[in-house]
Amino acid sequence: MSYELGQGTGPLRGVKVVEIAGIGPGPHACMILADLGADVIRVERPGAQLLAGGPHNLLNRGRPSVALDLKSPDAVRTVLDLVERADVLVEGMRPGVAERLGLGPDEALARNARLVYGRMTGWGQEGPLAHAAGHDMNYIAITGTLHGLGQDRSRPHFPANLVGDFGGGSTYLVIGILAALLEVRVSGEGQVVDAAIVDGTAHLNAMTSAFLAAGTFTEERSANLLDGGAPYYDVYETADGRHMSVGALEPQFYDVFVELLGIREQAPDRYDPASTETLRGLIADTFRTRTMAEWTEVFDGTDACVAPIVKLSEAPDHPHMRAREVFVERDGMVQPGPAPRFSRTAATLTTPPSPTAGSETREALTAWGVADVDALLDSGAAVQT
């Protein structure tokens, strides 16, 4: 496989990123950077990728895979050679591991004073839990966020790993990297970006923190305006066992909603707390009289703030998603396209995910200007699959 720099078309074209492979939010952050045009080189352990999926692992799209044995001093020197040529390094190891490998911020910034060193962890680089294992639900649990999720008053429900890994994690890492890249243009000095999922998740939840401080939020699930406590902001089952989402918060939108649902005359005062469950029951009973497709036709394009809840496999065929080309078909896979969008430097997808760790070792290291690639391969410090 041939590989060359500068294939991206987005606004980050020309930015060079070294990724020390991890799982979850780190790869997602580097996928975003690659989608937006950056040249990212992914350094993986020889032998196997950290997550299964190979050519279907979309989090690894847009960048080559280089297999380096970081227990080898030659491999570590190679990463530092890449750092000299890079604008950003991203690592997602436990605190102290990069330092023990000789790839910590001190070593990296000594080789490249303008480097933005991005660190992705769950707990952060310090604190009582910094060195403990954990996953998404553990991180969002201690931020006060998980407690309020779901409409089941008896227990919280976690939304896969979207809130922590990708919401509070990779998104905030990318924000930090972009901010630091802007700052280095002024100061000429790089810095470390400490992106912790606990930090980002707490920040995501700022509006709820404000409601709590104002005394307008109760710490009980399905008892507040946006968590299903209001019958006009909830999910309802249809006749075919599918569901509709209802978000008719504002009075003018609620008026359209009850009119199109056909309950204007029967609906009690929505502001009367004593009528909340009566109104909810009326809405639920009415939605169960038609299928999801029928209700979609009723509400489509109106200001009622009602939308069908479609499956992921159905989403690419939704008329709005199809018109905007939110999903694209590339390399035999339907996948989300780059986001957000830009008027002048539109982002496009480049290379598919590498099928195995190290499948582009020779080509990528050569393209990045690393000397003696053959010697690295002969010594086992680098592996080509």
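The numbers here are math on the coordinates, done by the rules we state, and not lab data. Just so we're clear, the structure is a prediction, and the values are computed from it rather than from any experiment. As a convention, Cβ positions derive from the backbone with ideal geometry for all residues, glycine included, and neighbour counts pool all protein chains shown.
Note down the net charge around S222, summing +1 for each Lys or Arg and -1 for each Asp or Glu among other residues with Cβ under 14 Å from its Cβ. Provide the component values of the computation, followed by the final result.
Details: positive: R153, R155, R221, R280; negative: D152, E219, E220, D227, D234, E277.
Every neighbour counted, the sum reads -2.
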What FRET efficiency, computed as 1/(1 + (r/R0)^6) with R0 = 41 Å and r the Cβ-Cβ distance, is obtained for T216 and A179, rounded to the nearest 0.05? 0.80
Tally Lys/Arg at +1 and Asp/Glu at -1 over every other residue whose Cβ is under 15 Å from the Cβ of L181; what's the total? 0
Suppose the chain between I309 and E4 were pulled fully straight at 0.36 nm per residue; how much longer would it get relative to their current alpha carbon spacing? 105.6 nm
Can you list which of the GluC sites (Glu not before Pro) found in the range 216-283 are DSSP loop residues with at most 16 other C-beta atoms within 10 Å? E219, E220, E265
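Give me the net charge of N205's neighbourhood, meaning all other residues with Cβ under 14 Å from the Cβ of N205; Lys, Arg count +1, Asp, Glu -1.
Working: positive: none; negative: D199, E219, D227.
Summing Lys and Arg as +1 and Asp and Glu as -1 gives -3.
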Full-stretch length increase - T356, S209 - with 0.36 nm per residue and alpha-carbon distance subtracted: 48.5 nm
For the chain, size of Cβ-based charge dipole, Lys and Arg +1, Asp and Glu -1, in debye: 540
Would you order V370, V198 from fewest to most other beta-carbon atoms within 10 Å of each residue's own beta-carbon? V370, V198
Using 7 Å Cα-to-Cβ label points, what is the Q151/A113 separation (nm, one decimal)? 5.9
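Mind checking the full-extension length gain between R324 and S245? Use 0.36 nm per residue of separation minus the Cα-Cα distance, one decimal, nm. Please list the in-between numbers first.
Values: separation 79, 0.36 × 79 = 28.44 nm, distance 2.10 nm.
Extending this stretch completely gives an extra 26.3 nm.
I need I197, I263 ordered by Cβ neighbour count within 10 Å, fewest first. Walk me through the intermediate numbers first.
On the way: I197 32, I263 16.
Final ranking by Cβ density, sparse to dense: I263, I197.
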The range 233-317: radius of gyration and largest Cα-Cα distance (Dmax), Å: 12.7, 42
First obtain the Kirkwood hydrodynamic radius of the chain from its Cα pairs, then insert it into the Stokes-Einstein equation at 25 °C and 0.890 mPa s, and state the resulting D in µm² per second as a whole number. 105
Degrees, to the nearest 10: 276-287 long Cα axis against longest axis of the chain: 80
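From the square roots a ≥ b ≥ c of the eigenvalues of the alpha-carbon gyration tensor of the range 195-352, which class results: rounded (a/c under 1.5), prolate (a/b over b/c), or oblate? All intermediate terms of the calculation are to be shown ahead of the outcome.
On the way: a/c = 2.40, a/b = 1.34, b/c = 1.80.
Oblate.
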